[in-house]
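Engineer: Quick one: the structure is below, questions incoming.
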Amino acid sequence: MKLIWMTVTASLAVAVAGCSDDKSDTAASESTTASDSSSVSAPAVTEPEVPGGGVRIPLGETKKVPIPADAVMDIRVPVDWSAATTSLRCTVTDSTGRNEDLRSTNTNKQENIGGKEWMTLWTFSSPPGAEVTVGCKDPESKIAAGDNPAIRVVPRGITPH
């Protein structure tokens, strides 16, 4: 009888050890998967910061943009796009789906962002604290597809702080 109990105990110990090994392998593979997925999202971190908390939006896509207090929003494009910007079609819609008015601006206004020259193409305003959806398309495909063409939506203060 003692031999049976020793065999059962030994078998149980092997089974428990086997299960715990499976869990550590699973945990190791989960941590590998987590680190793999975090490396996939790493390029978003390397994106140059937009001064004033602006948002980068690739052409053909839309993103939600929060509206800060005491600011109008500028839609900026790379200066390199120059005359090709006439083909851009941009929309700004509020949470109810209503289109916001885009106002043309002095396109001579340029600013260096992340080592690249940008110019303001349009300006719009929305109530502070609102969130709008912004997107631009290039239906005539005049913008070169190189280096991931994108616009920037940047707040511009209108009252001194």
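Engineer: Having 3 or more residues that are within 22 Å of Gly146 (Cβ to Cβ) is the bar; report the strands (runs of 3 or more DSSP E) wholly within segment 77-127 that clear it.
Structural biologist: 110-113, 116-124
Engineer: Within segment 86-102, is even one residue more than 15 Å from Arg156 (Cα to Cα), among the aliphatic types (A, V, I, L, M) and surrounded by fewer than 16 Cβ atoms within 10 Å (Cβ to Cβ)?
Structural biologist: no
Engineer: Okay, next question. Tell me, please, whether a residue that is under 14 Å from Thr62 (Cβ atoms) and modelled with pLDDT of 90 or more can be found in segment 110-127.
Structural biologist: Scanning segment 110-127 turns up no residue that is under 14 Å from Thr62 (Cβ atoms) and modelled with pLDDT of 90 or more.
Engineer: Report whether or not Lys142 is surrounded by fewer than 19 Cβ atoms within 10 Å (Cβ to Cβ) and outside any loop (DSSP other than H, G, I, E, B).
Structural biologist: It is false that Lys142 is surrounded by fewer than 19 Cβ atoms within 10 Å (Cβ to Cβ) and outside any loop (DSSP other than H, G, I, E, B).
The values are calculated or read from the model by the stated rules, or taken from the named source; none is laboratory data. What you are looking at is a predicted structure, and each value in this text was computed from that prediction instead of being measured. All Cβ positions, glycine included, derive from the backbone under ideal geometry; neighbour counts span all protein chains shown.
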